[in-house]
1. Considering only Cα-Cα distances, which of the following residue pairs are longer than 32 Å: 103/249; 206/264; 149/292; 149/287?
2. Which ³J(HN,Hα) values, rounded to whole Hz and listed in residue order, are derived for region 281-288 from phi using the Karplus coefficients 6.51, -1.76 and 1.60 in 6.51 cos²θ - 1.76 cosθ + 1.60 with θ = phi - 60°, glycine and proline given as x?
3. How far, in degrees from 0 to 90, does helix 100-112 lean away from the longest principal axis of the Cα atoms of the chain, to the nearest 10?
4. Test of understanding: extend the Cα→C-beta vector of residue 185 to 7 Å, then name every residue of region 35-75 with backbone N under 12 Å from that spot.
5. Calculate how steeply helix 71-81 sits against the longest principal axis of the alpha-carbon atoms of the chain, using the helix alpha-carbon long axis, and give the answer as 0 to 90 degrees to the nearest 10.
6. Report, in debye and to the nearest 20, how large the dipole of region 32-177 comes out about its Cα centre when Lys and Arg carry +1 and Asp and Glu carry -1 on their Cβ.
7. Can you compute the radius of gyration and Dmax for region 1-133, using only the Cα atoms, both in Å?
8. Could you tally the net charge around residue 159, taking each other residue with its Cβ under 13 Å from the Cβ of residue 159, Lys/Arg +1 and Asp/Glu -1?
Amino acid sequence: MKNIVVLLATYNGSQYLREQLDSIFAQSFQDFRLVVHDDESTDDTAAIINEYYEKYPDRIEIIYGNRLGSAKANFIYLLNKSEADYYFLCDQDDVWLPDKMQKMMDAMMETVSGDDTVPAAVFTDMYVVDDKLSIMSDSFIRYIGRSPKNIAYTQILIDNPAAGTAMCINRSLRDIAISKKSINWEYVPMHDAWLLELAAIFGEIKYIDEPLVYYRQTGYNTMGAETETTMDKIRRNMEDTKGLIEKKKAFINEARSFAREVLKLENIPEDKLKVLSDFVNISTRPKLFRIKFYREKNFTRAHHNLWMRLWV
């Protein structure tokens with residue numbers, strides 16, 4: 001029997017935590033255990049976790065540790081501390097649809113085709129909802145201006161389309177993700193971008209084009225959903241051309257820093273190793289070379305590729 005865990009990272013999430021926990025234990029798929037690490041909450045979060053532990057003592061494991069300071073650090077900690085065959089990541093203030101886990105496990109089984117040595121990630125779309133769960137958008141990915149088709153490793157470095165709470169990974173991918181203690185997590189945008197990037201480099205990714213999570217916008221999300229109209233973007237850029245250029249340079253430099261951390265891993269395929277190495281060192285090359293490199297090596301975004309290539 002497969003060992004499946006749901007990793008829940010919490011911090012001051014008492015207002016919505018019960019709804020999330022209820023949605024997890026109401027899943028049509030029930031062959032899992034919940035592993036929780038609370039980041040020293042100052043509200044009633046820890047008390048709520050203990051309340052559910054008393055209800056499901058054989059289904060919940062609480063991992064205790066020091067204050068980590070961010071959702072990213074919390075999830076990396078959980079991945080290091082949990083042994084399983086498959087991992088679901090879970091935010092504290094969302095709600096899962098009842099068949100989320102079953103559909104994602106079915107997709108995972110299809111993706112690995114019985115070979116669990118293949119590093120794999122499955123992700124799904126989400127409803128964007130307000131704090132009362134009223135739907136604001138039926139596609140989180142498109143709401144934030146990304147594309148679920150952009151899952152090449154060069155594209156994920158620029159624009160990660162997957163949210164952690166909508167992801168499932170297998171042990172092979174998890175083992176790669178935590179294999180190097182020298183990773184400087186400051187230069188990794190988020191844990192979900194790290195996992196999807198490694199799946200694209202070393203294994204397989206499957207996308208389920210269906211919203212299976214209510215992604216709640218509370219004003220306190222670590223990474224909330226933001227959108228902007230085309231006209232608003234044009235107006236903002238025209239008002240601050242100098243600032244635009246600096247932002248574009250900073251944007252690509254952050255992606256290069258991300259790639260530099262990826263390059264610390266072992267056994268990267270030779271073709272991808274060369275592209276990543278060239279990308280990290282591309283600032284020394286002429287402008288026309290950079291533009292051609294981005295185009296040929298598929299460093300593309302869902303939108304605004306021309307802006308990116310002109311200014312980086």
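1. 103/249
2. 9, 6, 4, 8, 8, x, 4, 5
3. With both axes taken from Cα atoms, the answer is about 60 degrees.
4. Answer for this model: 39, 66-75.
5. 60
6. Numbers: 14 positive and 25 negative charges, 94 e Å.
My answer is approximately 460 debye.
7. Taking only Cα atoms of region 1-133, I get Rg and Dmax of 14.8, 45 Å.
8. +1
Readers should treat all values here as calculations from the given coordinates under stated rules, not as data from a laboratory. The structure presented is a predicted model; accordingly, all values stated were derived computationally and were not measured. Cβ coordinates were reconstructed from backbone atoms using ideal geometry, including for glycine residues, and neighbour counts include every protein chain displayed.
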